[in-house]
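Enquirer: Here you go, one structure.
The values are calculated or read from the model by the stated rules, or taken from the named source; none is laboratory data. Predicted model only: the values in this text are computed from it and were never measured. Note that each Cβ is placed from the backbone with ideal geometry, even for glycine, and that neighbours are counted across all protein chains shown. When the accessible area is computed, the model is the full protein with side chains, heavy atoms only, and any ligands, DNA or RNA have been set aside. Shrake-Rupley method; radii C 1.70, N 1.55, O 1.52, S 1.80 Å.
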Amino acid sequence: MKNKKDLTKENNEIVSTDVEEIAADKQAESTTLSDNESSRPVGEALQSDKMRNTRIGKLLLTMSLPAIFSMLVQALYNIVDSLFLTNINYTVEGYAGLNIGKDSFNAVSIVMPMTMFVVAIAIGIGVGANAYIARKLGEGNRENANKAAKTALVMAIASWLVMLALAFAVSKPFMRAFVNSDNASDVDYVVNQGALYLEIYMACSIGLIVDITLARILQATGNMKIPMITQLVGALTNIALDALFIVVFKWGVLGAILATVIGQWAAAGIDVAVFLFKKQDVSINFKGFRFQKKYFARILRIGTPAFVMNAMGSVVTIIMNVMLKSYPNGITVLSAYFKVQSFVFMPIFGLMQGAMPILSYNYGANQKKRFNDTFKLGLFIALGVLAVGTLLFQIWPEALMSIFKSNQVSEGQTAEQLAEANAILVKEGAYAFRAISIAFIPAAFSILIINMLQSINCPVSSLLMSLSRQLLFLIPSALLFNYLWQQKGIWFCYPFAEVLSVLVYLPFAIRDYRKQFAYKEKQYRENLIGLEN
């Protein structure tokens with residue numbers, strides 16, 4: 001048994017919230033808030049209180065199902081968008097290729113890593129705000145939660161300004177780096193259309209960034225319905241406008257990107273309206289607001305692993321595209337995989353959106369059993385979903401890849417040539433789907449562990465695991481497997497990296513979990529953080 005001296009030494013080694021934050025939290029308990037952010041009146045119930053009191057099974061389902069539903073709608077949009085593009089049956093002036101549908105799909109596929117990077121920035125801000133706000137609400141510190149919400153929105157707007165500045169500088173050079181005669185029948189068309197798509201996406205990304213940030217802030221308070229509604233409205237608007245702009249108006253790739261950004265703005269508009277016209281547990285009213293570096297640092301520190309995980313996905317996809325661009329169907333197959341696998345992984349990401357505020361809140365409230373129950377249930381559900389996904393990808397990969405066949409014969413192409421090209425595409429895609437889906441089960445552990453580390457204020461550990469699974473393990477193995485077995489070998493880098501990541505980082509995650517809860521218990525025992533009774 002450890003003596004008192006040993007326990008003191010162990011607690012002193014724990015890395016967690018610094019003295020400055022603790023002092024600020026204590027001061028916040030006695031600080032009077034502005035009129036529209038008044039302190040919680042005696043007896044007033046906050047929406048976030050349910051994360052302390054509701055049974056975990058019911059709580060996780062009610063928190064996650066709206067996010068899962070909205071994520072599945074988003075995945076459906078991705079597929080529908082691709083169907084519209086691959087089956088364009090009209091010609092565009094100046095097009096000199098053989099298959100305008102495939103070239104249009106490839107144009108959008110090649111820019112995908114850059115759009116992923118924009119999304120990664122928004123997710124980083126949103127996750128950082130989500131975990132910090134939920135933790136502060138769990139500690140009973142509503143004032144700090146309010147200030148963090150406003151800081152997150154400022155960060156979102158600043159990020160959009162950066163994207164606006166980059167939009168017209170990087171788009172065309174990026175496309176030229178990846179398009180060649182091996183993967184495009186009309187190189188100029190693919191370069192120009194892809195650059196147009198990316199320019200508009202980045203320049204108009206304020207809708208996307210604000211929507212993701214405000215949705216995650218709402219989720220931190222336990223409000224999952226509004227984010228579900230915004231995702232649903234955005235996706236359905238997108239799908240409807242895709243049909244109008246691509247099929248009716250015949251705007252092709254331009255129609256696809258206009259539909260996308262209008263859908264994003266519609267979703268963001270609902271988020272903003274909810275905060276302006278209906279009282280929430282936190283406020284984004286900027287009256288009397290003063291930017292404080294402390295909240296910026298907290299959000300950045302917690303959200304950086306989420307940003308890195310998603311940004312590394314962008315970097316990894318770029319590197320993969322470099323290797324795959326010499327194979328005629330390489331980039332097309334990888335893009336098709338990401339769109340189909342979103343039906344498997346979007347529910348997991350929706351589950352994490354529901355689990356993250358519960359984990360963060362109960363860590364902040366020092367409710368260890370509720371924290372553990374949430375993690376175990378989340379892992380059980382994730383394993384079940386990904387097991388089903390693995391079976392689908394192993395048994396019916398040809399059917400899944402067939403979604404991306406072009407059914408329209410273009411000028412200069414015969415029906416026999418189109419059928420032969422489709423057969424090769426489906427065969428290569430089915431092989432890739434079977435190989436990559438081996439990674440699904442170990443990915444459940446990786447995703448849950450990374451989110452758990454973020455919720456207990458261990459951003460460095462979360463960041464290292466994110467970097468390792470997507471960069472340190474995946475890319476070297478992809479280079480090696482490509483050298484040894486060419487395109488067929490590349491796909492096995494995904495399961496290799498996932499398995500290695502879990503084996504290496506699981507012991508460190510267990511260590512961090514124990515240290516952080518030991519520190520939290522010390523904070524409560526020594527009355528460094530108090531809760532309202």
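Enquirer: List pairs: first in region 495-517 and part of a helix (DSSP H, G or I), second open to solvent by 70 Å² or more (accessible area, probe 1.4 Å) and of a type outside the set (Lys, Arg), Cβ under 8 Å, 6+ apart or cross-chain?
Expert: The qualifying pairs are 495/438; 502/445; 505/464; 506/445; 515/13; 515/15.
Enquirer: Here's something else I'd like to know. When the residues of region 367-386 are filtered to those that are basic (Lys, Arg) and under 14 Å from residue 517 (Cβ atoms), which remaining residue is nearest to the chain's Cα centre (by Cα)?
Expert: Of everything passing the filter in region 367-386, 370 is nearest to the chain's Cα centre (by Cα).
Enquirer: Being aliphatic (A, V, I, L, M) and surrounded by 20 or more Cβ atoms within 10 Å (Cβ to Cβ) is the filter; apply it to region 232-249 and report the residue that is farthest from residue 209 (Cα to Cα). Don't jump to the end; show me each part of the working.
Expert: First, pick out the residues of region 232-249 that are aliphatic (A, V, I, L, M): 232-233, 235-236, 239-241, 243-244, 246-248.
Narrowing further to those that are surrounded by 20 or more Cβ atoms within 10 Å (Cβ to Cβ): 235, 241, 246.
Working: 235: 15, 241: 21, 246: 25 Å.
Within region 232-249, the match that is farthest from residue 209 (Cα to Cα) is 246.
Enquirer: Continuing with the same structure: Would you confirm whether any residue within region 318-332 is surrounded by 19 or more Cβ atoms within 10 Å (Cβ to Cβ) and under 25 Å from residue 232 (Cβ atoms)?
Expert: no
Enquirer: Related question: Residue by residue through region 302-320, note down the ones that are of a type outside the set (Gly, Ala, Ser) and more than 17 Å from residue 217 (Cβ to Cβ). Let's see the steps before the verdict.
Expert: Going residue by residue through region 302-320, those that are of a type outside the set (Gly, Ala, Ser) are 302, 304-305, 307-310, 312, 315-320.
Answer for region 302-320, where residues must be of a type outside the set (Gly, Ala, Ser) and more than 17 Å from residue 217 (Cβ to Cβ): 304, 305, 308, 309, 310, 312, 315, 316, 317, 318, 319, 320.
Enquirer: Could you list, in sequence order, all residues of region 153-166 that are within 16 Å of residue 201 (Cα to Cα) and surrounded by fewer than 19 Cβ atoms within 10 Å (Cβ to Cβ)?
Expert: Filtering region 153-166 down to residues within 16 Å of residue 201 (Cα to Cα) leaves 156-157, 159-166.
The answer is 157, 161, 162, 164, 165, 166.
Enquirer: Let me ask something additional. Under 8 Å between Cβ atoms, at least 6 apart or on separate chains: pull out the pairs that start in region 230-259 with a residue that is closer than 22 Å to residue 192 by Cα and in a helix (DSSP H, G or I) and end on any residue that is modelled with pLDDT of 95 or more and acidic (Asp, Glu).
Expert: If the second residue must be modelled with pLDDT of 95 or more and acidic (Asp, Glu), no pairs are left.
Enquirer: Right, here's the next one. How many residues does region 305-315 contain that are farther than 14 Å from residue 118 by Cα and modelled with pLDDT of 85 or more?
Expert: Quick first cut of region 305-315, residues farther than 14 Å from residue 118 by Cα only: 305.
Now narrow it down to the ones that are modelled with pLDDT of 85 or more: none.
Within region 305-315, residues that are farther than 14 Å from residue 118 by Cα and modelled with pLDDT of 85 or more number 0.
Enquirer: Continuing with this model, one more query. What are the residue pairs meeting all of these: first residue in region 201-222, first residue on the phi > 0 side of the Ramachandran plot, second residue in a loop (DSSP other than H, G, I, E, B), Cβ atoms under 8 Å, and 6 or more apart or on different chains?
Expert: Correct list of pairs: 222/281.
Enquirer: Also, quick follow-up: Is it the case, given these coordinates, that residue 424 is among the β-branched types (Val, Ile, Thr), modelled with pLDDT of 95 or more and farther than 25 Å from residue 65 by Cβ?
Expert: Against the criterion (among the β-branched types (Val, Ile, Thr), modelled with pLDDT of 95 or more and farther than 25 Å from residue 65 by Cβ), residue 424 does not qualify.
Enquirer: Any chance you could count how many residues in region 456-511 are over 29 Å from residue 330 (Cα atoms) and basic (Lys, Arg)?
Expert: Count: 1.
Enquirer: With respect to residue 531, determine if the residue is surrounded by fewer than 20 Cβ atoms within 10 Å (Cβ to Cβ) and modelled with pLDDT of 90 or more.
Expert: Working: surrounded by fewer than 20 Cβ atoms within 10 Å (Cβ to Cβ): yes; modelled with pLDDT of 90 or more: no.
No.
Enquirer: Of all the residues that make up region 180-210, how many are open to solvent by 10 Å² or more (accessible area, probe 1.4 Å), within 30 Å of residue 134 (Cα to Cα) and assigned to a helix (DSSP H, G or I)?
Expert: 3
Enquirer: Now, a different point. Kindly evaluate residue 362 against the criterion of being more than 25 Å from residue 436 (Cβ to Cβ) and open to solvent by 30 Å² or more (accessible area, probe 1.4 Å).
Expert: Working: more than 25 Å from residue 436 (Cβ to Cβ): yes; open to solvent by 30 Å² or more (accessible area, probe 1.4 Å): no.
In short, no.
Enquirer: Restricting attention to region 55-88, report how many residues are open to solvent by 40 Å² or more (accessible area, probe 1.4 Å), within 20 Å of residue 248 (Cβ to Cβ) and at pLDDT 85 or above.
Expert: 1
Enquirer: From the list 437, 406, 360, pick out the single residue that is touching a Lys or Arg at 6+ places or on another chain (Cβ under 6 Å) and farther than 26 Å from residue 303 by Cβ. Lay out the reasoning, then the answer.
Expert: Details: 437 fails: touching a Lys or Arg at 6+ places or on another chain (Cβ under 6 Å); 360 fails: farther than 26 Å from residue 303 by Cβ.
From the options 437, 406, 360, the qualifying one is 406.
Enquirer: Those residues that are open to solvent by less than 10 Å² (accessible area, probe 1.4 Å) and outside any helix (DSSP H, G or I), I need them from region 112-140; list them, please.
Expert: 139
Enquirer: Please work out which one of (1) more than 27 Å from the chain's Cα centre (by Cα); (2) among the charged types (D, E, K, R); (3) at pLDDT 90 or above is the condition residue 434 fails and give its number.
Expert: Unmet for residue 434, out of (1) more than 27 Å from the chain's Cα centre (by Cα); (2) among the charged types (D, E, K, R); (3) at pLDDT 90 or above: (1).
Enquirer: Among the candidates 49, 35, 25, single out the residue that is modelled with pLDDT under 80, under 33 Å from the mean Cα position of the chain (by Cα) and open to solvent by 20 Å² or more (accessible area, probe 1.4 Å). Please lay out each step first, then the result.
Expert: On the way: 35 fails: under 33 Å from the mean Cα position of the chain (by Cα); 25 fails: open to solvent by 20 Å² or more (accessible area, probe 1.4 Å).
The match here is 49.
Enquirer: If residue 127 passes every condition in (1) within 29 Å of residue 174 (Cβ to Cβ); (2) over 18 Å from the mean Cα position of the chain (by Cα) but one, which one does it miss?
Expert: Condition (2) is where residue 127 drops out.
Enquirer: Is it the case that residue 158 is touching a Lys or Arg at 6+ places or on another chain (Cβ under 7 Å), under 27 Å from residue 293 (Cα atoms) and among the hydrophobic types (A, V, I, L, M, F, W, C)? Walk me through how you get there before you give the answer.
Expert: Values: touching a Lys or Arg at 6+ places or on another chain (Cβ under 7 Å): no; under 27 Å from residue 293 (Cα atoms): yes; among the hydrophobic types (A, V, I, L, M, F, W, C): yes.
Considered against the rule, which asks whether it is touching a Lys or Arg at 6+ places or on another chain (Cβ under 7 Å), under 27 Å from residue 293 (Cα atoms) and among the hydrophobic types (A, V, I, L, M, F, W, C), residue 158 comes out as no.
Enquirer: Could you say which residue among 350, 354, 252 is surrounded by 21 or more Cβ atoms within 10 Å (Cβ to Cβ) and closer than 30 Å to residue 191 by Cβ?
Expert: Numbers: 350 fails: closer than 30 Å to residue 191 by Cβ; 354 fails: closer than 30 Å to residue 191 by Cβ.
Residue meeting the stated conditions: 252.
Enquirer: Then there is this: Just checking, how many residues over region 283-328 are charged (D, E, K, R) and outside any helix (DSSP H, G or I)?
Expert: So in region 283-328, the residues charged (D, E, K, R) come out as 287, 290, 293-294, 298, 301, 325.
Narrowing further to those that are outside any helix (DSSP H, G or I): 287, 290, 325.
Adding up the residues that qualify gives 3.
Every residue, every condition in (1) closer than 30 Å to residue 464 by Cα; (2) surrounded by 23 or more Cβ atoms within 10 Å (Cβ to Cβ), yes or no:
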residue	(1), (2)
262	no, no
265	no, no
271	no, yes
303	yes, yes
